[in-house]
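Notes for the one structure printed next.
Every number here is computed from the coordinates shown, using simple stated rules; none is lab data. Everything numeric in this text was worked out from a predicted model, so none of it was measured. Note that each Cβ is placed from the backbone with ideal geometry, even for glycine, and that neighbours are counted across all protein chains shown.
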Amino acid sequence: MYRCIIIVGVLFVLVTLACEARGVPEEEIEEQNLSGHNFYFTDLQRRDLSGKILQEADFSYASLWSADLQNADLRKADLNWTNLRDANLSGANLIGAKLEFASLKGANFEGAKLDEKWAKIIDLLTSGSGHGQDFSNFDLSRVAMSVIEYDLSKAKLRKANLEEAYIPGINLTKADLTSAKLNQAHLRGANLTMANLTHANLQDANLHSANLQEANLTGANLDGVKFTYANLTGVQGIEDYLLESDIEIKCAIMPNGVKRQLEIPISDN
């Protein structure tokens, strides 16, 4: 259920919102101090909000595509599910701001003040690569990186929190995800070749069409995982789940290299 909410929500922010959000008249944003203002589900594309005081303002589900927020004070603002694509946030203060599932592609955060979590995530989004970096114990939950493939190959993600993360197509080749939280994560088409997922929590994760060749899933929680069309060639630690659990595995390539044509029925036990 949560997987569907995440997928639909991200698409909603990127497409539907721009078409149907409430327009904002110029007089509504002419004041310098707009702290606490309700901009929920509004269309603020290409609007000039530079230097404005927007503390605790609610921009959830709003479109700020290509908006100018340079040097704006956005402390504790709600930017969850907000479209910030190509927005100018250079020099903005975003300490305490909420950015869960926000679309951040192309946004300019140069010189912006951010909480540690989002500073690291935005650095990853900007560079497109976290190859070999250490994200152990880091909070990457509910992040949306859905537009291009990001490189986290050989990254250390031991005990990292990626709950409900929307990261389709991400490259996690040879990544160390030991004991990581990936429950309800959207990993459709992800590359997890030779990844270490021992004791990871993948409950209800979406791994449709993912490549898990030679990955180690020993001791991982795979309850409700969607492995449809995934490549499981050489995967370790999955045998018991293939026999007993409710994972979806239609048309997946099995650990022995044979393609499965039918879903394994849910066990009555």
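Phi-derived couplings, Karplus 6.51 cos²θ - 1.76 cosθ + 1.60 at θ = phi - 60°, listed residue by residue for segment 153-161: 4, 6, 6, 9, 10, 4, 6, 6, 9 Hz, with x used for Gly and Pro. For Asn33, neighbours were defined as the other residues whose beta-carbon sits under 14 Å from its Cβ, and their charges (Lys and Arg +1, Asp and Glu -1) total -3.
The phi torsions of segment 122-133, fed into the Karplus equation with coefficients 6.51, -1.76 and 1.60 and a -60° offset, translate into couplings of 5, 4, 5, 4, 5, 7, x, 9, x, 3, x, 7 Hz, rounded to whole numbers, with Gly and Pro shown as x.
Against the 2.2 N^0.38 Å scaling, with N counting residues, where does segment 126-222 land? I'd like the Cα-based Rg ratio to two decimal places. Mind dumping the intermediate values first?
Numbers: Rg = 11.4 Å, N = 97, 2.2 N^0.38 = 12.5 Å.
Relative to the rule-of-thumb radius for its length, segment 126-222 sits at 0.91.
Working note: Karplus 6.51/-1.76/1.60 with θ = phi - 60° gives segment 35-49 the couplings 4, x, 5, 9, 10, 3, 6, 10, 9, 10, 4, 6, 7, 9, 10 Hz, where Gly and Pro are set to x.
Between Thr218 and Glu26, the modelled labels are 6.8 nm apart [label points 7 Å from Cα along Cα→Cβ]. Taking the number of Cβ atoms within 10 Å of each Cβ as an exposure proxy, the fewest-first ranking of Ser35, Ser153, Ser63 is Ser35, Ser153, Ser63. Between Cys251 and Arg46, the FRET efficiency from the beta-carbon distance, with R0 = 45 Å, is close to 0.50. Against the main long axis of the alpha-carbon atoms of the chain, helix 2-11 sits at an angle near 40°.
When the chain is treated as a Gaussian network with alpha carbon springs shorter than 10 Å, the biggest mean-square fluctuation among Glu31, Glu164, Glu248 belongs to Glu31.
The ellipsoid equivalent to the alpha-carbon distribution of the chain has semi-axes of 39, 19, 14 angstrom, derived from the gyration tensor eigenvalues as √(5λ) and listed largest first. On the basis of the beta-carbon distance and an R0 of 30 Å, Lys117 and Ser35 show a calculated FRET efficiency of 0.80.
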